[in-house]
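The next block holds one structure in the form of structure tokens; read it before the comments.
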Amino acid sequence: MEHKLYTFIGIGIGPYNLGLAALTEDLNDVDRVFFDQTPKMDWHPGMLIEGADLQVPFLADLITFADPKSRYTFLNYLHEHGRLYKFFFFQKLEIPRQEYNDYLQWATDQISGLYFGHRVVDVIEHQDTETPHYEVVVEDQETKEISSYYAKHVVMATGSEPFVLESTEGLPEEDVLHTSRYLYHKDELLNSNHITVVGSGQSAAEVFYDLLEERENKEFHITWFTRSKGIFQLESAKMGQEFFSPNYVDYFHQLNFKKRQETLDTLDPLRNGVDESTLEGIYDMLYHYSIGEQDPKVTIQPLTEVNGIEKKGQRYELNCEQWQQEESFNYETEKVVLATGYKPNIPDWFMNRFENKIKWEQKEDYLFDISRRYRLKFKDERQNQFYMVTNLEHSHGTAATNLGLAIQRNMEIINDMLDKEVYQAKGHSIFQQFKHEG
């Protein structure tokens with residue numbers, strides 16, 4: 001080839017692909033480069049609420065499960081920042097979210113081949129050549145210059161984007177916002193008289209808790225609507241955590257599509273829910289606010305779906321339904337925070353180039369057919385692979401969004417890509433088995 005041919009190109013630089021970059025930094029037979037359209041590494045900056053922790057232990061950093069001796073471990077980050085004793089006396093396994101973001105930025109500064117402010121605008125296949133490869137077309141976000149890079153393989157980790165109600169489009173973001181923008185507009189929220197949080201799960205609970213804490217010096221009303229059956233605790237029992245193991249991924253992936261979809265529903269307590277400490281903090285604060293029969297100015301209602309939002313003068317009207325009783329009602333508020341989750345971020349170029357070339361399990365929901373080793377399945381066989389790290393719950397189960405299992409995934413991708421065992425990705429035992437071994 002006339003052009004430099006990389007072993008692979010990574011599209012997106014979040015924790016998943018950053019971990020892949022760390023694992024391949026010192027491999028002599030791997031030449032790679034990564035691109036991300038954002039200007040710098042910043043992990044969910046709108047939700048870096050002071051005091052909030054990750055939901056996984058610090059071992060689920062970028063690399064420890066693959067190489068605990070690596071210089072990119074969280075423990076080495078603590079060591080280099082003189083924080084080992086502080087973390088030791090902190091006596092928690094979970095990392096504060098703000099510190100996890102700082103850790104990612106520290107690792108980013110040390111790893112080569114990471115290009116922020118560069119957006120991938122196209123990926124072109126070149127199959128009919130002596131050396132089949134992908135051409136990755138990149139736009140420099142500052143200069144708008146277009147460049148092409150070439151690689152044997154591609155690893156796409158474009159993550160997710162906020163999911164919001166259609167009726168919120170065009171509404172002022174300082175009034176109606178997704179939790180991903182919470183800290184950017186917190187001051188405007190606190191200057192209102194009524195804030196409504198819509199949605200369930202950890203993000204909704206953390207925003208509600210943070211607003212409750214601010215109520216010590218404020219008088220605004222807080223409402224929390226969630227369509228879930230209740231505000232329940234995340235399942236954290238030790239035996240249940242084994243469903244985040246490579247062993248369970250092996251079992252889950254071999255199930256047929258219908259069984260996998262049904263299984264995800266049954267595993268909902270492991271996937272969704274709120275940390276015990278957050279729920280306890282909310283309840284304790286509500287209890288103290290209610291002493292002396294004071295009105296805590298709080299409304300909490302599960303079983304309630306918000307189907308639309310309309311602007312009514314300086315306020316907003318929520319079109320709601322208590323779905324269990326099938327009762328509709330309207331509810332007025334001044335500000336709305338949507339904890340409505342995320343949807344896969346599938347770039348337009350991906351659909352334009354590959355929609356008719358790949359196999360689908362459920363096309364309308366962007367559920368592509370993925371091999372156990374994370375290869376995108378094409379209708380025709382090929383040597384140059386397209387690995388997917390985005391939108392994998394339907395194929396790889398609960399582990400798809402788990403930070404600890406991301407390291408396992410990266411090891412398997414590297415081993416598959418290089419067709420040799422670079423990292424020991426098998427043999428990690430748990431106490432359960434998920435089918436009869438004979």
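No value in this document is a laboratory result; all are computed from the given coordinates. Predicted, not measured: the structure shown is a model, and the values here were computed from it. Don't worry about glycine lacking a Cβ; one is built from the backbone with ideal geometry, like all the others, and counts go over all protein chains shown.
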- Would you mind getting me the FRET efficiency between ASN330 and MET351? Use the beta-carbon distance for r and R0 = 35 Å, nearest 0.05. 0.40
- For labels at GLN301 and GLU130 in the simple 7 Å Cα→Cβ model, what's the distance in nm? 7.1 nm
- Query: Using Cα atoms only, what is the angle between the long axis of helix 257-266 and the major principal axis of the chain, expressed in degrees (0 to 90) to the nearest 10?
  - Reply: 40 degrees
- Query: How about segment 159-229: which GluC sites (Glu not before Pro) there lie in a loop by DSSP and see at most 11 other Cβ atoms within 10 Å?
  - Reply: GLU169, GLU216, GLU219
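Which ordering of VAL30, VAL207, VAL306 is given by a fewest-first count of other beta-carbon atoms within 10 Å?
Values: VAL30 16, VAL207 26, VAL306 21.
Exposure proxy ranking, most exposed first: VAL30, VAL306, VAL207.
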- Looking at segment 98-199, which trypsin sites (Lys or Arg not before Pro) are DSSP coil and have at most 11 other C-beta atoms within 10 Å of their C-beta? LYS144
- Rounded to whole Å and sorted largest first, list the principal axis extents of the Cα atoms in segment 310-438. 64, 44, 26
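At 222 nm, what helix-only mean residue ellipticity would the chain give, in deg cm²/dmol to the nearest 500, using -39500 (n - 2.57) for each DSSP H run of four or more?
When only DSSP H runs of four or more count, the value is -8000 deg cm²/dmol.
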- Could you put SER290, SER395 in order, starting from the residue whose Cβ has the fewest other Cβ atoms within 10 Å? SER290, SER395
- Query: Where the convex hull is taken over the Cα atoms of segment 173-268, what is its projected area averaged over directions, in nm²?
  - Reply: 8.6 nm²
- Query: Relative contact order (percent) for segment 205-286, with alpha-carbon contacts under 8 angstrom and 6 or more residues of separation?
  - Reply: 50 percent
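Please compute the net charge surrounding LEU62, taking Lys and Arg as +1 and Asp and Glu as -1 over other residues with Cβ under 12 Å from its Cβ.
Around LEU62, the charge tally is -2.
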- Note on the structure: For segment 257-356, Rg(Cα) over 2.2 N^0.38 Å is 1.56
- Distance in Å, no decimals, from the C-alpha centre of segment 39-110 to the one of segment 343-398 is 31 Å
- Pairs beyond 28 Å (Cα-Cα), from LYS69/LYS92; LYS343/LYS426; LYS379/LYS420: LYS343/LYS426
- Taking Cα extents along the principal axes in Å as the quantity of interest, determine which of (1) 70, 53, 35; (2) 77, 52, 48; (3) 64, 45, 42 was computed from the displayed structure. (2)
- Query: Where in segment 256-351 are there trypsin sites (Lys or Arg not before Pro) that are in a DSSP coil and have at most 16 other Cβ atoms within 10 angstrom of their Cβ?
  - Reply: LYS297
